[in-house]
Amino acid sequence: MEVTVTDFSISPVSSATSSPARISVWDMPVRLFHWLLVATILIAFLSSEEESLLAPWHVPAGWVAAVLVTFRLVWGFVGGEHARFADFLKPSKIRHHIGGLFRGKPERSIGHNALGGIAIVALLGTIGGIVYTGAAMQGEDGLHETLANILLGLIALHVVAVVAMSLLTKDNLIRAFITGTKRADLYPGYVDARPPAPLALPVAAIVIAGNTYGATVIDPLAFTLGAHAEADEHGNGSEKGERGDD
């Protein structure tokens, strides 16, 4: 009698069950900037009312935002590949990107897409304007509040766009800005992003230190919690208090 032996050897677990490979996209400094700016802007808005418990944080938050924006401007030239302005400020691609949106088939972008790049510049410029009107004009001409409302609208639009693009392209953009990576299978042919320039971190550190010092030259109470409110009460602190004595 012939006996047939069946091979019941156990095969390795399918690679399909393992996590997909990922590629590096966003460098650590640009991610830290992003989330620190989110926290700073949130504090600035929550502290904008004098009755707020966070009111003492309002002016320091504004100056921190100024330092962060300056860092981002510098990092746009020396940072990682996809953090650089040259990588995402491409007006020629806006029409193509909008066309994809209207067709319901937006293309994935390894870095910021064309409209996202414009949004970044608009956000940075608006924050810069808010800081300037708050520091130089004390916000008394109404422009400070107007720009703050514009910023709220831009932030809302930015969040909606990020969520919508994440769903449409099946690419979790929020997670990418937390981990710094994206799924390699969604971007065939792409490799890890080029890292920041060799002197990028020292240059950024010098810029941050210089701007922090400059803020204290312009406003000695820049980073002192509640100092401006106390100075106004005594009539000898900020320009607002000095004008009130005239």
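Over what distance in Å are the Cα centres of the stretch 108-164 and the stretch 36-103 separated? For the stretch 108-164 versus the stretch 36-103, the Cα centre distance is 7 Å.
Using only the Cα atoms of the stretch 62-212, build the gyration tensor, take square roots of its eigenvalues as a ≥ b ≥ c, and label the shape rounded, prolate or oblate: rounded if a/c is under 1.5, else prolate if a/b is larger than b/c, else oblate. Verdict is oblate for the stretch 62-212. Under the simplified labelling scheme, the Ile218-Leu101 pair shows an inter-label distance of 3.2 nm, with each label point 7 Å from Cα along Cα→Cβ. Paramagnetic label reach from Leu157 (point 7 Å along Cα→Cβ; backbone nitrogen cut-off under 12 Å): within the stretch 92-115, residues 115.
No lab work stands behind these numbers, since they all come straight from the coordinates. Nothing here was measured: the structure is a model prediction, and the numbers come from that model. Reconstructed Cβ throughout: ideal geometry from the backbone, glycine too, with neighbour counts over all protein chains shown.
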